[in-house]
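Working notes, structure below.
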Amino acid sequence: MDYTAKLDQAIARLHDEGRYRTFIDIERTNGQFPHATWRRPDGSEQSITVWCGNDYLGMGQHPVVLNAMHEALDATGAGSGGTRNISGTTVYHKQLEAELADLHGKEEALLFTSAYIANDATLSTLPKLFPGLIIYSDALNHASMIEGVRRNGGAKRIFRHNDLDHLRELLEADDSDAPKLIAFESIYSMDGDFAPIEAICDLADEFGALTYIDEVHAVGMYGPRGAGVAERDRLMHRIDIINGTLAKAYGVMGGYIAATSKMCDAVRSYAPGFIFTTSLTPSVAAGAAASVAYLKRNGDLRDQHQTQAKILKTRLKGLGLPLIDHGSHIVPVMVGDPVHTQKLSDMLLEGYGIYAQPINFPTVPRGTERLRFTPSPVHGPNEMDHLVRAMDELWSHCALNRSELSA
């Protein structure tokens with residue numbers, strides 16, 4: 001077996017399909033986000049504006065967060081020293097879990113190293129706790145949820161995206177006595193559409209199913225205290241397990257679930273993804289706790305964020321660009337071809353200093369490739385004007401004209 005040749009073939013396929021992923025080296029400038037420095041492959045540097053980051057509110061450089069991290073670093077050093085059950089649980093981890101449980105109105109929260117791990121570990125563990133469990137998963141759920149459901153060894157049903165009739169049909173077809181769980185997201189990050197949370201909860205009540213919601217793209221940004229769309233819609237009490245992240249609106253790192261004390265205890269006791277992973281560093285946990293606490297009390301950033309998203313969508317629509325708008329903060333401009341999407345991304349970066357990573361298959365279905373912009377409260381009028389002008393010029397005058405991109 002020529003293993004190197006096999007690797008070459010696998011990578012060549014990605015190049016041939018126009019979806020080989022490139023990673024540019026950037027250095028964020030403390031206190032100047034969304035501005036950063038792009039380090040080119042030839043060693044030269046260029047100032048850029050990041051328009052595709054997940055630090056939605058700019059909390060990654062907020063003084064409240066940085067001060068908390070500095071204090072914890074000075075007090076405890078760099079690492080946690082172990083897994084959560086072997087010397088890796090500190091007062092900072094417990095404080096963060098308490099903040100998260102309070103945020104979601106749940107008895108307890110359980111901290112993971114990322115929301116991906118939280119989803120994967122929890123969903124793959126639940127059939128151990130509920131033998132015979134059937135998981136009903138939305139077709140557009142995140143890869144971490146798909147992987148967790150796939151690995152758990154139990155029964156799964158995939159319902160068409162946000163299709164309540166199909167979900168009902170699947171629920172009715174299964175044994176009424178079998179344990180069930182409906183897994184879905186509050187905001188789907190690629191199109192920016194919302195789940196019909198209340199209607200899904202109604203079906204869960206009718207068929208005796210647990211509910212599992214991923215609020216990764218909503219925590220910090222929706223609801224009176226930033227607990228997400230379920231809080232905004234006053235439905236948190238109807239959700240059994242809430243998954244969230246600390247790496248987007250909260251600007252740090254980590255993921256979690258919030259649920260009853262018994263649910264968290266069971267997952268903590270059975271999930272390998274929790275048991276055998278070194279815990280977050282205390283400084284990260286301290287920064288995340290400070291960010292969660294701050295955003296509970298301060299809704300101005302949430303309001304500014306929504307305003308910025310509305311302005312950008314309005315201006316891009318005014319150019320006639322094919323934009324998906326479901327009323328969330330997600331701003332996807334549809335291109336529909338992986339090569340064209342990469343070319344647009346390259347031209348924005350090299351010609352205008354605008355960084356917007358192309359979104360291709362398998363993150364989105366083939367034929368729906370796009371640029372996904374993420375405006376924030378720290379993207380000012382000048383940055384907004386520059387982006388809109390760049391998109392207008394590229395869409396109108398370059399080889400990728402509007403008719404080609406919209407086709």
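What the table below lists for this structure:
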| item | result |
| --- | --- |
| Sum of -39500 (n - 2.57) over DSSP H runs of 4+, divided by residues of the chain (222 nm, nearest 500) | -13500 deg cm²/dmol |
| With eigenvalues of the C-alpha gyration tensor scaled by 5 and rooted, segment 58-138, Å | 30, 16, 12 |
| Farthest positive-ward along the chain dipole, Cα basis, beta-carbon charges - from Val50, Thr125, Ala309 | Val50 |
| Rg(Cα) / (2.2 N^0.38 Å) computed for segment 279-407, rounded to two decimals | 1.22 |
| Amide H contacts under 5 Å for Tyr256, placed H, 5+ residues apart | Phe112, Gly244 |
| Cβ crowding within 10 Å averaged over residues, with 235-244, 332-341 ranked highest first | 235-244, 332-341 |
| Under Karplus coefficients 6.51, -1.76 and 1.60, residue-wise ³J(HN,Hα) of segment 82-87 in Hz, glycine/proline x | x, 6, 4, 8, 10, 6 |
| Whichever aspartates and glutamates have a C-alpha closer than 12 Å to that of Lys262, once near sequence neighbours (fewer than 8 apart) are set aside | Glu107, Glu108, Asp240 |
| Thr314, Thr122, ranked by accessible area, largest first (probe 1.4 Å) | Thr314, Thr122 |
| Cut-off under 5 Å, modelled amide H: who pairs with Leu210 long-range | Lys180, Leu181, Ile182 |
| For Arg372, solvent-accessible area (1.4 Å; no DNA, RNA or ligand), Å² | 20 |
| Rounded to the nearest 20 debye, dipole of the chain from Cβ charges on Lys, Arg, Asp, Glu | 380 |
| Rounded to the nearest 10 Å², the accessible area of Thr277 at probe 1.4 Å | 40 |
| Top positive-direction residue, dipole computed over the chain with Cβ charges, set Gly228, Ala290, Leu111 | Ala290 |
| Size-normalised alpha-carbon gyration radius of the chain, reference 2.2 N^0.38 Å | 1.01 |
| Cα-centre dipole for segment 205-283 with unit charges at Cβ (Lys and Arg positive, Asp and Glu negative), debye to 20 | 260 |
| Selected from His35, Ile24, Leu7, residue furthest toward positive end of dipole (segment 1-49; charges at beta carbon) | His35 |
| Note, ³J(HN,Hα) from phi for segment 225-240, Karplus 6.51, -1.76, 1.60, rounded to Hz, x at Gly and Pro | 10, x, 7, x, 5, 4, 5, 3, 8, 6, 10, 4, 5, 9, 9, 7 |
| Entries in Lys6/Lys343; Lys106/Lys248; Lys248/Lys343; Lys248/Lys317; Lys94/Lys128; Lys156/Lys313 that, when Cα-Cα distance is taken, lie over 31 Å | Lys156/Lys313 |
| Dipole in debye (nearest 20) - segment 110-175, about Cα centre, beta carbon charges: Lys, Arg +1; Asp, Glu -1 | 280 |
| Residues with amide H under 5 Å from that of Met221, placed H, sequence gap 5 or more | Gly228 |
| Cβ crowding within 10 Å averaged over residues, with 144-154, 84-94 ranked highest first | 144-154, 84-94 |
| Karplus-derived HN-Hα couplings along segment 13-20 (A = 6.51, B = -1.76, C = 1.60, θ = phi - 60°), whole Hz, x at Gly and Pro | 4, 5, 5, 4, 7, x, 10, 5 |
| 13 Å Cα-Cα reach of Lys296 towards aspartates and glutamates, excluding residues that sit fewer than 8 places from it in its own chain | Glu99, Asp102, Glu231 |
| Highest to lowest packing among 224-231, 247-254, scored as the average C-beta count within 10 Å | 247-254, 224-231 |
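The values are calculated or read from the model by the stated rules, or taken from the named source; none is laboratory data. Everything quoted here is computed from the prediction, not taken from an experiment. Using ideal geometry, Cβ is built from the backbone for each residue, glycine included, and neighbour counts are taken over all protein chains shown. Only protein heavy atoms, including side chains, enter the accessible area calculation; ligands, DNA and RNA are left aside. Shrake-Rupley method; radii C 1.70, N 1.55, O 1.52, S 1.80 Å.
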